[in-house]
Amino acid sequence: MIEQLIADRSHAIDASGIRRIFGLAATLKDPINLSIGQPDFPVPAPIRSAAINAIDTHKNGYSQSQGDPALLSKVLEWLKHDLNWDCATTTQGKPGQPTAFITSGTSGALHLAFMALLNPGDECIIPDPYFVAYPHLATMCGAKAVTCDTYPDFKLTAKRVEPLITNKTKFVLLNTPSNPCGVVLNTQEAADLRALCKSKGVLLISDEIYDEFVFSDSLNAKAAGDPSLKRCPSPCREEGSHEDTLLIRGFGKTYGCTGWRLGYAAGPAAIIDQMSKLQQYTFVCAPAPLQHGVAECFDVSMQEHVNEYESRRDLVLEKLSPLTEVTNPGGAFYAFIKIPEKLGMTGTQFAEKCIERELLLIPGGAFSSRDTHIRISFATNRERLTKGLDILCELLA
Ligand SMILES: Cc1ncc(COP(=O)(O)O)c(C=O)c1O
């Protein structure tokens, strides 16, 4: 009886593959866990203290739907410094002026963007492999996520996207650095994709949740306000991009506070205004006391952690590259590893073999229509990572 009450949209979302892996993993006592997509460092002290202080001083009520004004003004300042975007402080802004608002995580921003933009029957273009939520967010809107095959270098290039654009396409969703591959577009590739979207009249959404986690070999852009500061390439650095690009960024991965659920979206005021209106009736606002915490992040450097992750990335490539194809992760903390054909195994079968050795990782099929790879996360301490890589080397050889 209760079963009959479930909406079709719930049934349209299939999470069985990944649930099976996590079900198997739950039988292990102390596995080497290379499956987790969150940093292994603590939240920096100034950010923690500011959040605790906000709670202790009774800043526990709702914030404005657009976000706490102090955090919002720091985000706007940063967007000016980083991208030369002159954002309005309200969600409406002057004609042509972008704006921004604080969201409940990057997921909250993505969810609101999909809801604000997609009618039933519409299409959006996402990379394959993709972040697990992307296709489902489209399904929830009755729309279709058209996947763009990016194998073997995992770049969502203009050339690959162009043939997929139809009169139903509302937006192209770029994720750089990417999950699950860590691949970073270079400045030219990002500019070309933005130019294509502009010429076709579709929006470009840029999910830059890992923008602070970019390694020295992939930092080839400059901050607008400080050209000596090397930054992650982004389509949002192109002249006039604020008129046709929606930027989504997060605080959770960068500062180790994924559970705080905080991010922001910036771009054309007409879109941000609709997203912010939808936020009012769904998430209401992003977690208010924690917004006071992350307001401190603009004075905190994470460089030491980025360097550590870069050296772990080097270790992953050093150990695994002689055995199989691993595309260089220029950022984030994932590597997408091909299962050598000679093993005759799918990613899922290989992940099951790893579980037998108490090693957890995610089969590529969770992120893709192909199940030919596995994803590991190197956001785990060096000792465990080394042990995990040694097991992988044995199984891949
Ligand atoms: C590419 C990408 N986008 C969005 C998210 C969601 O992040 P948040 O925890 O900020 O909602 C993730 C989380 O893993 C991600 O990898």
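Before moving on, here are some points about what is shown:
- Hey, Thr176 at pLDDT 95 or above and out of contact with any Leu (no Cβ under 8 Å at 6 or more places or on another chain) or not: no
- Tally, over region 75-108, of residues that are under 22 Å from Ala223 (Cβ atoms) and in a helix (DSSP H, G or I): 10
- Odd one out for Ala379 among (1) assigned to a loop (DSSP other than H, G, I, E, B); (2) more than 16 Å from the ligand (Cβ to nearest atom); (3) aliphatic (A, V, I, L, M); (4) touching a residue at least 12 places away in the same chain (Cβ under 8 Å): (2)
- Being in contact (Cβ under 8 Å) with a residue 24 or more places away in the chain, out of contact with any helix residue (DSSP H, G or I) (no Cβ under 7 Å at 6 or more places or on another chain) and aliphatic (A, V, I, L, M) is a property that Leu164 has.
- The single condition from (1) over 18 Å from Pro180 (Cβ atoms); (2) surrounded by 21 or more Cβ atoms within 10 Å (Cβ to Cβ) that Gly344 fails is (2).
- Candidates His242, His292: the one that is of a type outside the set (Gly, Ala, Ser), farther than 16 Å from Leu71 by Cα and part of a helix (DSSP H, G or I) is His242.
Residues are listed down the side, and each one gets a yes or a no for (1) of a type in the set (D, E, K, R); (2) surrounded by fewer than 19 Cβ atoms within 10 Å (Cβ to Cβ):
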{"site": "Thr157", "(1), (2)": "no, yes"}
{"site": "Arg160", "(1), (2)": "yes, yes"}
{"site": "Pro163", "(1), (2)": "no, yes"}
{"site": "Thr169", "(1), (2)": "no, no"}
{"site": "Leu173", "(1), (2)": "no, no"}
{"site": "Asn179", "(1), (2)": "no, no"}
{"site": "Val184", "(1), (2)": "no, no"}
{"site": "Thr187", "(1), (2)": "no, yes"}
{"site": "Ala191", "(1), (2)": "no, no"}
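- Selected residue (criterion: surrounded by the most Cβ atoms within 10 Å (Cβ to Cβ)) from residues of region 247-274 that are outside any strand (DSSP E or B) and more than 15 Å from the ligand (Cβ to nearest atom): Ile272
- Test: Glu358 is touching a Pro at 6+ places or on another chain (Cβ under 7 Å) and not aliphatic (A, V, I, L, M): yes
- Only listed residue being within 16 Å of the ligand (Cβ to nearest atom) and within 20 Å of Pro268 (Cα to Cα), chosen from Ser65, Ser73, Ser107: Ser107
- From the options Ala15, Ala45, residue that is within 16 Å of the ligand (Cβ to nearest atom) and not aromatic (Phe, Trp, Tyr): Ala15
- Looking at region 126-215, the helices (runs of 4 or more DSSP H) lying wholly inside it that each contain 2 or more residues that are of a type outside the set (A, V, I, L, M, F, W, C) and within 16 Å of the ligand (Cβ to nearest atom) sit at 133-140.
The values are calculated or read from the model by the stated rules, or taken from the named source; none is laboratory data. Since the model is a prediction, treat every value here as computed from it, not as a measurement. So basically every Cβ, Gly included, is an ideal-geometry build from the backbone, and we count neighbours across all protein chains shown.
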